[in-house]
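Each remark here refers to the structure printed beneath this line.
The values are calculated or read from the model by the stated rules, or taken from the named source; none is laboratory data. Everything quoted here is computed from the prediction, not taken from an experiment. With ideal geometry, Cβ positions are generated from the backbone for all residues, glycine too; neighbour counts draw on all protein chains shown. Ligands, DNA and RNA are stripped out before the accessible areas are found, and what is left, the full protein with its side chains, is counted by its heavy atoms. Shrake-Rupley method; radii C 1.70, N 1.55, O 1.52, S 1.80 Å.
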Amino acid sequence: MSPIASVFFGLLLSACSCFGQSVPSPESFLGYPLGAHFTPHHTIVDYFKTVAAAAPDRMKLEQYGTTTEGRPLLLAFIASLQNMKRLEEIRLNNLRLAGVLRDGKAADEHAPVIVWLSYNVHGNEPASSEASMKMLYWLLDPSSRAAGWLDNLVVILDPCINPDGRDRYVAWYNDVVGTQPNPDPQAREHQEPWPHGRTNHYNFDLNRDWAWQTQKETQQRMAQYETWLPQIHVDYHEQGYNNPYYFAPAAEPYHDVITPWQREFQVEIGKNNARYFDAHGWLYFTKQEFDLFYPSYGDTYPIYNGAIGMTFEQGGIGAGLAVQTSDGDTLTLAQRIEHHFTTGMSTVEMAATHAEKLVREFHNYFIEAVNHPSGDYKAYFLRNDSFGDRLERLRSFLDHNGILWELVNNGTPLTGVDYETGRAATFRSAPGDIVINTNQPKSNLVRVLFERKSRITDSVTYDITAWSLPFVYGVQAYGLAGFVTEEKSPAGIHPEQAKPVIPDSTYALAVRWTGMESVRFLTILLQKGVKIRYTERPFQSSGISFDRGTLLLLATGNSSLGAGLWPLVADAAFRTGVKLVPIASGFVDKGADLGSDLVHVIHRPRVAVLTGEQVNSLEAGEVWHLFEQEIGYPVTLINAGAMNRVAWKNFDVLILPNGNYHSLDDKNNADMLIEWVRQGGRLIAMQDAVAQLSKLEWGIRQKGEEDDKKDEERDKRPADYGDLHRYDNRQREEVASSVPGSIFRVDLDNSHPLAFGYPDHYYTLKQDDNVYEFIKDGGWNVGVVRKDGYVSGFTGIKAREKIKDGVIFGVQDQGRGTIVYMADDPLFRSFWENGKLLFCNGVFLVGQ
């Protein structure tokens, strides 16, 4: 060995020795080999903190937030010595490359690639958080290949996106496993109980929330993501334990905004992953099942923001520490960790060796986005809803996603395609209207989120196929053929609001029932003991018109609050942003006077929600989250299995989220429930709960039962060779009856309290072909779908034929009570914003 080589080798040994002494391996820190146990989240946090303290020159650790249950959310930044010194400049330069930072400095393409690895978004897919510790140690090990690669990289690790879900699973598993894991799939350690660890505290799937940002964890993480915008993002998952490993390239459909480069580099990373897996003899698959269409995943959302976004899926859900698979092998946690670590290492390698092109293509992506935006429209025009908060909520969504918008000058003449009719229209802008021009860095994301018709290349898809934001928010929209040049002045759209001063002599105050701010105003005051009324009919007072559902506050009936009434009302208005309109007299110009029997008192409802094993946890979580986090109103969660032991007289409203309520198969339970309704209870049934009630013959009947009888008669006929089908076409034939998530127009009877605050229509997200016959005696067909109701998204030909001429939202009187039927989910993933008021109408207005 030459003297120089000897010195170099000695320095390397010295560096490795120092590294081993200062940066503990996961095994030495934990006291057990990775894969021997599931590691609690707080211990993973402690490991990352310990490593950060041991290697501050190459690692930076930030806490970017906390979960609902108070657990910390972390990001670890790993870079070379030189890159760590200029980490902030690397970040700012990357934002210049993306065109979202315009500070007068030129973007430098000779910059490190930013690779972001996200682990454990689903809590009961826990192998990846274990793998994150191995990845961290490997990245900092000077003897690993990563040491040289970090000259071209900054690697960001999020060790656990969903700590609450992870700890729910880990705590349960550690509680039920024996001294040795039992690989028998029938063992209880492989039978995770409701609601499972997949979701966060409120039972939300955080992997469907990237764009919508309805959950606390997502909101905090995406605020960080927007400040970095990495070139590569990997989202680590697990799937059923009998499946081999999945990595990119993804399955069709791909959205057509995905660029050739983004497609090509996925293939290159996939080939590199395959090289390592082949060397170990590991099984894997690509180009199946996991597509790139729905915009709110951990792979698609980064893709629509210029990155190479990928999902990596290891078989392992329900596997525990070890499980026997269907082919007779035993899959261990240690193996799952190694597989995830390997794809992470492979991705880092590909990023480092293709750094120059990755950065250049990333820069070109945003240059093209600004200079040559794709799609049918150059701009999207959105009408302001004069009294409601729908557009305000949509503007907030745009801001959170870094999408630029502008106010339009009043009276500007414009021509565009009306989203509701699909036809060209000429119109003028009004105060508060906004426009979103597509010549901006986020133009591809804008197109995906706003396109009126989903362009889907393959009907076999993994998720919903329609989400056009104007329909989601209930905002009138137009697609424009040209850009609209206006002075951007969003600051003026949210003027500082002073707390209103209400004179003691005030006769009454009116608040229009137009959106969620009205609901929050109501719930605040109900909990303060304020008596509030609402109007069943439109009326006019002092020349001002008010629609159905307008809230009325009078001193009459609130004498117990005395002089404290109006300060309570003023504070609630200030907190929610509603406008208080004084009413000088109970004698109105038009409509019913304020003392009429067409003006109703809103009695504070005591609300219960069924939950537990018989209920879909996701939909139960939507209801729970709405009450606790959006409208701030108390709700009691009751286990559906205990419904025969509940004192129902203590509740006014009972909500049945989507589920399979086998408790209702017991006639005693069903009779008890209908008797509670007849005594004045209000029952709200959602999705499959409606289908189950239809079998109880309470007055609603599902369409299609006659068709089933016809099928039975057809089956008795002689053989028809047209019934023969090819086995390899089975997926295609199944989708003929499927509705993976499509938008349909529903015509509303907005004279009924269930539809107060709406125009004469609503856009619903259908996820099945369930439609109900028109309710007859004692019922109200509030929301019906007609034969031409289809708007957007994939709907199988058989399903589309069925979804017509039926009830989607209905109300049925039963004795002194009511049943509200919601065949579709108005709270879908908490992002279907325009459905929330409909649901709240069912809780607070119907049956009062």
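Brief remarks follow.
- Selection from segment 365-409 of residues that are farther than 19 Å from Val519 by Cα and basic (Lys, Arg): Lys378, Arg383, Arg395
- Of the residues making up segment 328-335, none is of a type in the set (D, E, K, R) and in contact with a strand residue (DSSP E or B) (Cβ under 7 Å, 6 or more places away or on another chain).
- If you filter segment 420-470 down to residues that are of a type in the set (D, E, K, R) and not in a loop (DSSP other than H, G, I, E, B), you find that the one that is surrounded by the fewest Cβ atoms within 10 Å (Cβ to Cβ) is Arg428.
- Of the strands (runs of 3 or more DSSP E) lying entirely inside segment 760-843, those containing at least 3 residues that are open to solvent by less than 10 Å² (accessible area, probe 1.4 Å) span 761-766, 779-785, 806-814, 817-822.
- Hits in segment 410-461 (condition: small (Gly, Ala, Ser) and either out of contact with any Pro (no Cβ under 9 Å at 6 or more places or on another chain) or farther than 24 Å from Phe387 by Cα (or both)): Gly411, Gly416, Gly422, Ala424, Ala425, Ala430, Gly432, Ser443, Ser454, Ser459
- Identity of the residue in segment 195-214, under 8 Å from the mean Cα position of the chain (by Cα) and within 20 Å of Asp167 (Cβ to Cβ), that ends up surrounded by the fewest Cβ atoms within 10 Å (Cβ to Cβ): Asp205
- Scan of segment 557-603 for residues that are under 26 Å from Asp389 (Cα atoms) and among the hydroxyl-bearing types (Ser, Thr, Tyr), ordered by number: Thr576
- Among the residues of segment 587-626, not one is within 22 Å of Pro193 (Cβ to Cβ) and free of Cβ contacts under 8 Å to residues at least 12 places away in the same chain.
- Checking segment 183-191 against the condition returns a match, with at least one residue being in contact (Cβ under 8 Å) with a residue 60 or more places away in the chain and part of a helix (DSSP H, G or I).
- The residues in segment 64-95 that are surrounded by fewer than 16 Cβ atoms within 10 Å (Cβ to Cβ) and touching a Gly at 6+ places or on another chain (Cβ under 6 Å) can be counted, and the count is 0.
- Selection status of Tyr301, under 30 Å from Val100 (Cα atoms) and assigned to a loop (DSSP other than H, G, I, E, B): no
- Any hit, segment 558-567, residues being open to solvent by less than 10 Å² (accessible area, probe 1.4 Å) and closer than 20 Å to Thr523 by Cα: yes
- Candidates Gly515, Gly557, Gly529 - the one that is within 35 Å of the chain's Cα centre (by Cα) and farther than 30 Å from Val475 by Cα: Gly529
- Selection status of Ala584, more than 21 Å from Leu845 (Cβ to Cβ), open to solvent by 30 Å² or more (accessible area, probe 1.4 Å) and touching a residue at least 24 places away in the same chain (Cβ under 8 Å): yes
- Scanning segment 605-629 for residues that are buried (at least 19 other Cβ atoms within 10 Å of the Cβ) and either at pLDDT below 95 or of a type in the set (Asp, Glu) (or both) yields Glu619, Glu622.
- Each residue in segment 327-360 was checked for being in a helix (DSSP H, G or I) and either open to solvent by 50 Å² or more (accessible area, probe 1.4 Å) or under 30 Å from Arg96 (Cα atoms) (or both), and 19 pass.
Okay, residues lined up against (1) under 24 Å from Ser396 (Cβ atoms); (2) part of a helix (DSSP H, G or I); (3) modelled with pLDDT under 95:
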{"residue": "Val501", "(1), (2), (3)": "no, no, yes"}
{"residue": "Glu517", "(1), (2), (3)": "yes, yes, no"}
{"residue": "Arg548", "(1), (2), (3)": "no, no, no"}
{"residue": "Leu552", "(1), (2), (3)": "no, no, no"}
{"residue": "Leu561", "(1), (2), (3)": "no, yes, yes"}
{"residue": "Pro567", "(1), (2), (3)": "no, yes, no"}
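- Count of segment 255-270 residues which are touching a residue at least 60 places away in the same chain (Cβ under 8 Å), out of contact with any helix residue (DSSP H, G or I) (no Cβ under 7 Å at 6 or more places or on another chain) and either surrounded by fewer than 20 Cβ atoms within 10 Å (Cβ to Cβ) or assigned to a loop (DSSP other than H, G, I, E, B) (or both): 1
- Answer residue from segment 407-419, given it is over 33 Å from the mean Cα position of the chain (by Cα) and surrounded by 15 or more Cβ atoms within 10 Å (Cβ to Cβ) and is modelled with the lowest pLDDT among those: Thr412
- Output for segment 271-303, where each listed residue is open to solvent by less than 10 Å² (accessible area, probe 1.4 Å), farther than 28 Å from Glu226 by Cβ and of a type outside the set (A, V, I, L, M, F, W, C): Asn273
- Search result, residues across segment 361-404 that are free of Cβ contacts under 8 Å to residues at least 40 places away in the same chain and in a loop (DSSP other than H, G, I, E, B): His372
- When Ala251 is tested against (1) within 21 Å of Tyr236 (Cα to Cα); (2) touching an Asp or Glu at 6+ places or on another chain (Cβ under 6 Å); (3) crowded, with 23+ Cβ neighbours inside 10 Å, only condition (3) is not met.
- Scanning segment 112-134 for residues that are over 21 Å from the mean Cα position of the chain (by Cα) and surrounded by fewer than 24 Cβ atoms within 10 Å (Cβ to Cβ) returns a single hit, Lys134.
- Considering segment 36-94, and only residues there that are aromatic (Phe, Trp, Tyr) and not in a loop (DSSP other than H, G, I, E, B), the residue that is farthest from Arg168 (Cα to Cα) turns out to be Phe77.
- Condition check for Leu101: surrounded by fewer than 20 Cβ atoms within 10 Å (Cβ to Cβ), hydrophobic (A, V, I, L, M, F, W, C) and outside any helix (DSSP H, G or I): yes
Quick grid of which residues meet (1) touching a His at 6+ places or on another chain (Cβ under 9 Å); (2) open to solvent by 20 Å² or more (accessible area, probe 1.4 Å):
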residue	(1), (2)
Val155	no, no
Pro163	yes, no
Pro181	no, yes
Asp184	yes, yes
Pro193	no, yes
Ala223	yes, yes
Gln231	no, no
Asp235	no, no
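- Members of segment 674-698 found to be of a type in the set (A, V, I, L, M) and either out of contact with any helix residue (DSSP H, G or I) (no Cβ under 7 Å at 6 or more places or on another chain) or surrounded by fewer than 22 Cβ atoms within 10 Å (Cβ to Cβ) (or both), listed by number: Ile674, Val677, Ala689, Val690, Ala691, Leu693, Leu696
- Residue match in segment 306-320 (condition: out of contact with any helix residue (DSSP H, G or I) (no Cβ under 6 Å at 6 or more places or on another chain) and farther than 21 Å from Ala250 by Cβ): yes
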